[in-house]
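The values are calculated or read from the model by the stated rules, or taken from the named source; none is laboratory data. The shown structure was predicted, so the numbers you read here are calculated from the model rather than taken from an experiment. Neighbour counts are summed over all protein chains in view; Cβ atoms, including those assigned to glycine, are modelled from backbone coordinates with ideal geometry. Protein only, heavy atoms only, side chains kept; ligands, DNA and RNA dropped before computing areas. Shrake-Rupley method; radii C 1.70, N 1.55, O 1.52, S 1.80 Å.
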Amino acid sequence: MPFRLPPPTRPLLRAQLRSRPANGHVAFIPQCRKLVFEFCNRWPSSANTRTFLTNHLEEFARANPHVEIVVKQRTQKEPIVRGFYLNDRDKVIALNGFEVTGIAKKVQLLLDSSGAKIKPLKRRTVESTTEAARGIWSGLHVEEPFKI
Amino acid sequence: MGHVQKRLASTAAKLASVSVSTLKQFPPKEAVVPKAPKTSPSKQPHFFHAETWASLQPPAPAALTAFAHRIGLASIIPSPDIIQQACTHPSILTLHEQFRPSETKPAVNGNLETLGNSLLGLFATEYVNSSYPHLPTRVMKAAVSAYVGPTTCANIAREMGASPLVRWHRLPNTPTRRALLHSDAIASVPRALTALVYQHRSLLSARKFAHKFFLSREVDLRNMIKFRDPKKALAETVAKYGRERPISRLLKETGRMSNSPVFIVGIYSGGDKLGEGFGSSLKMAEFRAAEDSLLRLYLTRTPPHLVQLPTSTFPDGFGDIFTAKGPEAEYVPGDMGDSEVLFASADRTGLRLPGARSRASEDESTVEL
């Protein structure tokens, strides 16, 4: 029987080959692309928002030139700020009830966010009346402590 | 999020985004159904396609400037019209001829895309070749496709946030031309941006742009190297380098007669261990050891601080390669070895001679046949 080579592996299609992103390794692309402020010109709940827009918005805009800022009127509604991100998601924060400094903090939160969904990382801790069966782990009492 | 919502979000992401603040009137006149005219004898049906209308509107200048700042090109590109040109695909001209025949045609990125594509190919090839001198040619071509190919360019455009800014028109499959899809249209944007950096600064600035956005991404070269018979390839490679023939030795084993044995085999050329592999059978472990040895050769990487690129010999000054004036860096090419072993394609005589360059370096006057 003549020897037959095993079948070749699946061929690589060059048009489908891709690289994986590494945002931040060399270049960093900030994830927030647009902020939209919506406020009412008359209602008192928008008063602090109006103050923020007249006094502080310009410095935020100058400090973050990568963000497109839109100011819209939305009469007879509570004021909101909506942030649009590069992962096609948006985050909305209602601004009624905040002082001007609070509004500035929320705007900074939107600018710093990546737009990803908030994933709960901490779960309910186990509370027990009995002590742990194998003891609580300590990083200082292992065979090879971690060296930076 | 269910698949329906995801599909909706991805479809919405492909639509052109129009900023209402830049329009004279919203909703546009064409969208409003006119009241029944009293004097027209024939009733003209009213058609308004929102997607087509949106594709014909230019993106907001604020969005274009924000895009330029986001990718760090704000100081290089003087006006948002240039970014708009980089984001306008030539397919939009078909829509323009159909709906706005009397207006001036918008500036498109066809030429910029071609120039940028050539530049990216140049930078990626020299980087891959310099970083991995022993990589087989086909793998090098695949690596270049992975770094600057169409899929990567489309992904980079999406990550930069160019999808709402791109103006394009979907073209169907014809017998002469492949269909034009969203990923083809947005992939033109990063290529056009590379060309813009070259035009407004210099070749070395364009190279810096390419290294920053394209060549800093992760590509797994191990998955691109596939072997049919690594033992045979290793034997021939070792003969090419003039070393002793490879011998595999069992280093460690466990569970030989059980249902989950593990064997660790090392392949040695004389006293040097070339590679090591594990497996659940002796043959599998030997195969993996041969693969490992060849990968250690093919994937040897030049340290980043020692990488020399041929384009460094261009003058480091403002302007294109013909007019720039400045200091030129030294480039020392690597030593040429023999071409890689093509074990599956034996020549007609069936001989296996070491390569011409290794023979010349050994100063043999006669070749043994």
Item to complete: List every residue whose amide H lies under 5 Å from the amide H of B:Ser202, counting only residues 5 or more places away in sequence or on a different chain, with H placed 1.01 Å from N in the peptide plane.
Response: B:Gly319
Worksheet, complete the sentence: Ignoring ligands, DNA and RNA, the residues of the range B:194-227 whose accessible area with a 1.4 Å probe is reduced by 20 Å² or more relative to the chain alone are B:Lys212, B:Phe213, B:Ser216, B:Arg217, B:Glu218, B:Met224, B:Lys226
Worksheet, complete the sentence: Amide H contacts under 5 Å for A:Glu68, restricted to residues at least 5 apart in sequence or on another chain and with H modeled in the peptide plane, are A:Lys34, A:Leu35
Discussion item. Whole percent per 10 Å bin, from 0 to the bin with the longest distance: what is P(r) over all C-alpha pairs of the protein assembly as shown?
Written reply: 3, 13, 18, 19, 18, 14, 9, 4, 2, 0, 0
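Quantify how strongly other chains surround peptide A:135-143 by giving the mean number of their Cβ atoms within 10 Å of each of its Cβ atoms.
0
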Worksheet item: Considering only DSSP beta bridges with both partners in the protein assembly as shown, what is the antiparallel share in %, to the nearest 5?
Response: 80
Worksheet item: Ignoring the sites themselves, what is the longest stretch of chain B with no GluC sites (Glu not before Pro) in a DSSP loop and at most 16 other beta-carbon atoms within 10 Å?
Response: B:104-243
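Could you compute how much accessible area chains B and A hide from each other, both sides summed, with a 1.4 Å probe? Nearest 100 Å² is fine.
Using a 1.4 Å probe, the pair buries roughly 2800 Å².
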Practice prompt. Would you be so kind as to list the residues of the range B:149-163 that have their accessible area lowered by at least 40 Å² in the full protein complex compared with their chain by itself (1.4 Å probe)?
Written response: B:Thr151, B:Glu159
Worksheet item: Counting Lys and Arg as +1 and Asp and Glu as -1, what is the net charge of the other residues whose Cβ lies under 12 Å from the Cβ of A:His66?
Response: +3
Practice prompt. Could you order A:Leu12, B:Leu112 by accessible surface area, starting with the largest, using a probe radius of 1.4 Å?
Written response: A:Leu12, B:Leu112
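Which three numbers, in whole Å and largest first, are the semi-axes of the equivalent ellipsoid of the range B:49-221 derived from its Cα gyration tensor as √(5λ)?
30, 19, 13
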Item to complete: In nm, give the distance between the simple-model label positions of B:Asp81 and A:Val92, each being 7 Å from the Cα along the Cα-to-Cβ direction.
Response: 3.9
Discussion item. Buried by at least 40 Å² relative to the chain on its own: which residues of the range A:70-95 qualify, computing accessible area with a 1.4 Å probe on protein heavy atoms?
Written reply: A:Leu86, A:Asp88
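What's the average, rounded to a whole number, of partner chain beta-carbon atoms within 10 Å of each residue's beta-carbon in B:323-332?
Across B:323-332, the average partner-chain Cβ count within 10 Å equals 0.
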Worksheet entry | In sequence order, calculated HN-Hα J values of the range B:202-209 (Karplus, 6.51, -1.76, 1.60; Hz; x Gly/Pro) | 7, 5, 5, 5, 5, 5, 4, 4
Discussion item. So for chain B, averaging the separation of alpha carbon pairs under 8 Å that are six or more residues apart and normalising by length, what relative contact order in percent results?
Written reply: 15
Fill in: Average beta-carbon neighbours from other chains, 10 Å sphere, peptide A:31-42
2
Response to the item:
To the nearest Å², the heavy-atom accessible area per residue of chain B with 1.4 Å probe amounts to 59
Worksheet entry | GNM result for chain A, Cα springs below 10 Å: residue of A:Ser46, A:Ser138, A:Ser114 fluctuating most strongly | A:Ser138
Discussion item. Heavy atoms of the protein only, probe of 1.4 Å, neighbouring chains included. What is the accessible area of B:Tyr268 in Å², nearest 10?
Written reply: 40
Fill in: Among A:Arg134, A:Arg20, A:Arg74: highest mean-square fluctuation, GNM of chain A, C-alpha pairs under 10 Å
A:Arg134
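For the range B:227-298, how many pairs of lysine residues have a Cα-Cα distance under 16 Å, where the two are 8 or more positions apart or belong to different chains?
Lysine pairs meeting both conditions in the range B:227-298 amount to 7.
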Discussion item. For the range A:36-112, what does the accessible surface come to per residue with a 1.4 Å probe? Please give it in Å².
Written reply: 56
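With all protein chains present, how much of the accessible area of the protein assembly as shown (probe radius 1.4 Å) comes from carbon and sulfur, to the nearest whole percent?
55
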